[in-house]
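The values are calculated or read from the model by the stated rules, or taken from the named source; none is laboratory data. Note that this is a predicted model, so its numbers are computed, not measured. Cβ placement follows ideal geometry from the backbone for every residue including glycine, while neighbour counts extend to all protein chains displayed. Just the protein is used for accessible areas: all its heavy atoms, side chains included, with ligands, DNA and RNA removed. Shrake-Rupley method; radii C 1.70, N 1.55, O 1.52, S 1.80 Å.
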Amino acid sequence: MKLKTRVCKRNSAKIAENPQERNKPLNNYPLSCVDWSSNEEIYFVSDDRQIYKWNDVSRDTVEVAKLPDDFIPTDMHWLLLGGRSSGGGKGSDTLLICSNDGRFIILNKSARVERSISAHTAAISSGRWSPDGAGLLTAAEDGVIKIWSRSGMLRSTVIQSDEPIRCARWAPTSTAIVFSQGGHISIKPLAANSKLIRVSCGGQIRYFDYPFQWRAHDGLVLSLSWSGQSNIIASGGEDFRFKIWDAQGASLYTSAAEEYAITCVAFNPEKEYLLVGTFNMLKLCHSTGWSYSSARFTAPSVGSFYVLSWSADGTQVACGTATGQLIVGYAVEQQVISRNLKATSTGRKCIALQDIANGSKDVLEFPQRVINFALGYGHLVVATTHQLHIYNEKYINTPIIIDGRNDVRVIEVGKKYFMVLDAASIWVYTYTGRLHLNPRYPGSQAQLPLLNWRSISLGLDVLAIRDNSETSLLHLFDLIPGASRQYEPQSLRAKQQLAEIAACRAGSPDDQFIAFIDTNRELYISETRNISGNSSTDRTANGSDEIYKIGTQLTAIRWASETNILVGVHDSCYSIWYCPGEGSADPTIIALTTITLDTAEFGKHVAIDSFEDAVITFRCAGALLPVNVNIYCEVLHRTLQEGQWQQALRICRLAQHTSLWATLAAVATRKHQLQLSEEAYSAALQIDKVSYLQYLKTLSPSSAEQMAENSLMLGRLLEAETILLHNRKYEQAVALALRMHNWKRALEIALKHQAEQPDLELVQRVLRERQRYLKALQRDEWEALYLSQIKDGNISE
């Protein structure tokens, strides 16, 4: 991938009429204030105090307004809310400009000054609207950072120090601020209850008062950027290096020394890109630090880059330089590979689609600028500024076009559907262009700007969305036609905040799983339909959903495209779970079906590029590293999906591998194939489970008791209880809770269903068992639920 740039001729429409002055620049003042007012318009101003507007379509510069003579601009930022694609939505016509005398002004789009405020006693180095648009910050060389309302009213002074503040930026969630002083970087949260930060230093846990500060560069820190995609921080300094940090100040990447100081850094708002500017050079990097390409400027020399500003759709960047040149750049040669197809962007409106198998190549041209594209399952989906184009690899010359989709940020392709996240909503389409689902949940419209590819996942028959207002909550939408959860999603609540989610892309409609990594980097998995038959009362009584932990210290995960095999990357290794779904409740099965391999030969910061069929493609420092999974396990999963039990048994007998037998045992037990699961557990040397299966065979075939015991053997206690309650086996459900020593749940079931079957005396049985339990422990009753029964006289103390 490369960054293609062009130097914009800053010729005013008035000057362009004069042939003698047509090619003369307007001035040679350093250009330090540049920002996009929409995806086609750039506003910029320098020390000549003249505000200009450059249009990407007409390629003309227009004079907009003249600032006061005593107002020397130092920073500029547009407030873009609502109308991201056009810049014309509510609140998107507000411009903030700061000066070197401590003032800032707020202008509307007609260049009329709404507010002019004296905010600081020294030059303002940074003025930024918050990502949620609720306010703005100003940071100045007097060592003060202030927070202001949208209308310019002072809300708070968050930082007061004697050292000048060179740069300040908002966190993507608008809940914290990062700023630089000298060679140090500090993070200041804005929540009133944030007093201490917990940081691991050399194996020891230490606590620091906010703002948390660390030494970042040997020289001055000149620029900062906080990524909304990865929640990481980039910094550039006078030590000729740029560095990447996590939100707790831990170093993730340090670049080699460049020839000159790093004057500006900027994360792409929609993609995993980082743009770095120095003297006469722009470097396009991945967000983990490795470089895609460099663009050097020799003729004409542009000097140091002072400001980098990405457009709202993340496709273009505007750059201001020391010589006053305005430079616009965009990424080309972006590649996406899926099986035999490779799509490459060759220009702003052109994509080359190549079939690697037969060598054919088609060049696809579009009337509008390409914003995003995705390839998979034999289809190419391309989003332009106002349209979606759907290509089938077999009918490449007849695309299906959908109008009205503006500013597409995420495209995810699935086996049956593809999902699009744009500025207006979330859309799920079939490959014939029919709208299948437009999911909505409480607060969804306000959370759209905060959603990204990590917080939304499209599975085979389910769409999972993380709630950004409560990041431990998942909303699951059923994609099966006619399902009630298309309009009333199921909620799945985790114990910790979620960092990344992934829904499985294969399997049957009854075997769909959702995997997620929380903020502690632990991997959990749950069924998307594990409690679909339960009432909300039963779920609340049981405590929580069935969520199982299957891994630790994960940085990325990916499901296979055709089977329910999961791969995850750790810090120095990667793991493959051959049976993460059916075996998730049994730690023994997870241990037998998980393989962990070292990634020392790959290097650091390994990411998963794709997982198609039996090939995992890792990406490290730009290199693609394909790795094969166990082909026998891949074939076994495909065979089990088709219900070919005898064929699956022959595969396991041929390969004679423990992970295959354990996979077959878990799936066969789930499908109530007891004879097969007994042989598989025996081959895997799980003698205790073989003995339990022999007990299951003594129960009535396909009875509620046998199915409940089968689920219990898999570790699915909630599922076993649900089966018994739905079949009105209340006595067995109470007995199950007593076996698990879940005394509170046993009494709740007995009290709830005593009236339906009074002859069973469920409550009396529970109280008798409780008395025997307390007598063995030689203790008095302490459970509030049982104390209330004693008070009511149902049992003597």
**Q.** Wholly enclosed helices (runs of 4 or more DSSP H) of segment 677-769 bearing at least 2 residues within 30 Å of residue 592 (Cα to Cα) and touching a helix residue (DSSP H, G or I) at 6+ places or on another chain (Cβ under 8 Å)
**A.** 687-696, 704-713, 717-726, 730-739
**Q.** Single residue of 479, 473, 458 found to be at pLDDT 85 or above, aliphatic (A, V, I, L, M) and in contact with a helix residue (DSSP H, G or I) (Cβ under 8 Å, 6 or more places away or on another chain)
**A.** 479
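Please find, among 266, 318, 312, the residue that is open to solvent by less than 30 Å² (accessible area, probe 1.4 Å) and in a loop (DSSP other than H, G, I, E, B).
Details: 266 fails: in a loop (DSSP other than H, G, I, E, B); 318 fails: in a loop (DSSP other than H, G, I, E, B).
One residue alone meets the criteria, 312.
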Q: Would you kindly identify the strands (runs of 3 or more DSSP E) lying entirely within segment 564-605 that contain at least 2 residues that are open to solvent by less than 10 Å² (accessible area, probe 1.4 Å), within 14 Å of residue 552 (Cα to Cα) and among the hydrophobic types (A, V, I, L, M, F, W, C)?
A: 566-569, 573-577
**Q.** Among the candidates 555, 617, residue that is open to solvent by 50 Å² or more (accessible area, probe 1.4 Å) and polar (S, T, N, Q)
**A.** 555
**Q.** Every residue from segment 244-263 that is under 25 Å from residue 313 (Cα atoms) and open to solvent by 20 Å² or more (accessible area, probe 1.4 Å)
**A.** 246, 247, 263
Q.
Considering only segment 74-84, I want to know if a residue exists there that is in contact with a Leu (Cβ under 6 Å, 6 or more places away or on another chain) and either open to solvent by less than 10 Å² (accessible area, probe 1.4 Å) or at pLDDT 90 or above (or both).
A. yes
Q) For residue 626, all conditions in the list (1) surrounded by 15 or more Cβ atoms within 10 Å (Cβ to Cβ); (2) at pLDDT 90 or above; (3) closer than 29 Å to residue 415 by Cα hold save one; what is the number of the exception? A) (1)
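Of 396, 371, which residue is closer than 13 Å to residue 351 by Cβ, in contact (Cβ under 8 Å) with a residue 40 or more places away in the chain and open to solvent by 20 Å² or more (accessible area, probe 1.4 Å)? I'd like the intermediate steps shown before the answer.
Numbers: 371 fails: open to solvent by 20 Å² or more (accessible area, probe 1.4 Å).
Exactly one residue qualifies, and that residue is 396.
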Q. Mind checking which pairs have a first residue in segment 578-590 that is on the phi < 0 side of the Ramachandran plot and acidic (Asp, Glu) and a second that is assigned to a loop (DSSP other than H, G, I, E, B) and surrounded by fewer than 24 Cβ atoms within 10 Å (Cβ to Cβ), Cβ under 7 Å, 6 or more apart or different chains?
A. 586/714; 586/715
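Quickly run through segment 464-487 and pick out the residues that are in a loop (DSSP other than H, G, I, E, B) and either within 20 Å of residue 448 (Cβ to Cβ) or open to solvent by less than 40 Å² (accessible area, probe 1.4 Å) (or both). Explain how you work it out, then say what you get.
Here is the first cut: in segment 464-487, the residues in a loop (DSSP other than H, G, I, E, B) are 467-472, 479-483, 487.
Those that are in a loop (DSSP other than H, G, I, E, B) and either within 20 Å of residue 448 (Cβ to Cβ) or open to solvent by less than 40 Å² (accessible area, probe 1.4 Å) (or both): 467, 468, 469, 470, 471, 472, 479, 483, 487.
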Q. Could we say that residue 365 is open to solvent by 40 Å² or more (accessible area, probe 1.4 Å), in contact (Cβ under 8 Å) with a residue 24 or more places away in the chain and among the acidic types (Asp, Glu) here?
A. no
Q: Tell me, yes or no, whether segment 502-515 has at least one residue that is open to solvent by less than 20 Å² (accessible area, probe 1.4 Å), closer than 21 Å to residue 173 by Cα and either touching a strand residue (DSSP E or B) at 6+ places or on another chain (Cβ under 8 Å) or outside any strand (DSSP E or B) (or both).
A: no
Q: Examine segment 276-294 for a residue that is crowded, with 21+ Cβ neighbours inside 10 Å, in contact with a Lys or Arg (Cβ under 6 Å, 6 or more places away or on another chain) and part of a loop (DSSP other than H, G, I, E, B), and state whether such a residue exists.
A: no
(Q) Please determine whether any residue of segment 719-728 is surrounded by fewer than 20 Cβ atoms within 10 Å (Cβ to Cβ), closer than 30 Å to residue 529 by Cα and β-branched (Val, Ile, Thr). (A) no
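What number of residues in segment 152-167 are closer than 18 Å to residue 238 by Cβ and assigned to a strand (DSSP E or B)?
Our first condition is that a residue be closer than 18 Å to residue 238 by Cβ; within segment 152-167, this holds for 163-167.
Right, trim to assigned to a strand (DSSP E or B) and you get 167.
The number of residues fulfilling the criteria is 1.
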Q. Which condition does residue 48 not pass, out of (1) over 20 Å from residue 6 (Cβ atoms); (2) acidic (Asp, Glu); (3) modelled with pLDDT of 90 or more, if it passes all the others?
A. (3)
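Yes/no per residue for (1) of a type outside the set (Gly, Ala, Ser); (2) under 18 Å from residue 2 (Cβ atoms):
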{"site": "332", "(1), (2)": "yes, yes"}
{"site": "342", "(1), (2)": "yes, yes"}
{"site": "377", "(1), (2)": "yes, no"}
{"site": "391", "(1), (2)": "yes, no"}
{"site": "400", "(1), (2)": "yes, no"}
{"site": "409", "(1), (2)": "yes, no"}
{"site": "414", "(1), (2)": "no, no"}
Q | Residue list for segment 329-343, restricted to those being closer than 15 Å to residue 359 by Cα and part of a loop (DSSP other than H, G, I, E, B) | A | 339, 340
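Collect the residues in segment 435-448 that are of a type outside the set (A, V, I, L, M, F, W, C) and within 15 Å of residue 482 (Cα to Cα), keeping them in residue-number order.
At the first step, the residues of segment 435-448 found to be of a type outside the set (A, V, I, L, M, F, W, C) are 436, 438-445, 447.
Scanning segment 435-448 gives 436, 438, 439.
If you go through segment 681-693 one residue at a time, do you hit one that is more than 30 Å from residue 252 (Cβ to Cβ), open to solvent by less than 50 Å² (accessible area, probe 1.4 Å) and aromatic (Phe, Trp, Tyr)?
From segment 681-693, those more than 30 Å from residue 252 (Cβ to Cβ) are 681-693; that's our starting set.
Keeping just the survivors that are open to solvent by less than 50 Å² (accessible area, probe 1.4 Å) gives 681, 683-684, 686, 689-690, 693.
Going one step further and asking which of them are aromatic (Phe, Trp, Tyr), we end up with 681.
Among the residues of segment 681-693, at least one is more than 30 Å from residue 252 (Cβ to Cβ), open to solvent by less than 50 Å² (accessible area, probe 1.4 Å) and aromatic (Phe, Trp, Tyr), which makes the answer yes.
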Q: Take residue 304 and decide whether it is in contact with a strand residue (DSSP E or B) (Cβ under 7 Å, 6 or more places away or on another chain), open to solvent by less than 10 Å² (accessible area, probe 1.4 Å) and either free of Cβ contacts under 8 Å to residues at least 24 places away in the same chain or among the hydroxyl-bearing types (Ser, Thr, Tyr) (or both).
A: no
Q) Restricting the search to segment 50-64, which residues are under 37 Å from the mean Cα position of the chain (by Cα), among the hydroxyl-bearing types (Ser, Thr, Tyr) and within 16 Å of residue 325 (Cβ to Cβ)? A) 52
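What residue, of 271, 283, is among the basic types (Lys, Arg) and at pLDDT 95 or above? Step through it out loud before you land on a result.
On the way: 271 fails: at pLDDT 95 or above.
Testing whether each residue is among the basic types (Lys, Arg) and at pLDDT 95 or above leaves just 283.
For residue 373, state whether it is over 30 Å from residue 45 (Cα atoms) and within 25 Å of the chain's Cα centre (by Cα). First the steps, then the outcome.
Numbers: over 30 Å from residue 45 (Cα atoms): yes; within 25 Å of the chain's Cα centre (by Cα): yes.
When the stated conditions are applied, residue 373 passes them.
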Q.
Go through (1) under 24 Å from residue 608 (Cβ atoms); (2) not in a strand (DSSP E or B) for residue 234 and report which single condition fails.
A. (2)
**Q.** Only one of 744, 791, 775, 752 that is open to solvent by 30 Å² or more (accessible area, probe 1.4 Å), of a type outside the set (Ser, Thr, Tyr) and touching a residue at least 40 places away in the same chain (Cβ under 8 Å)
**A.** 744
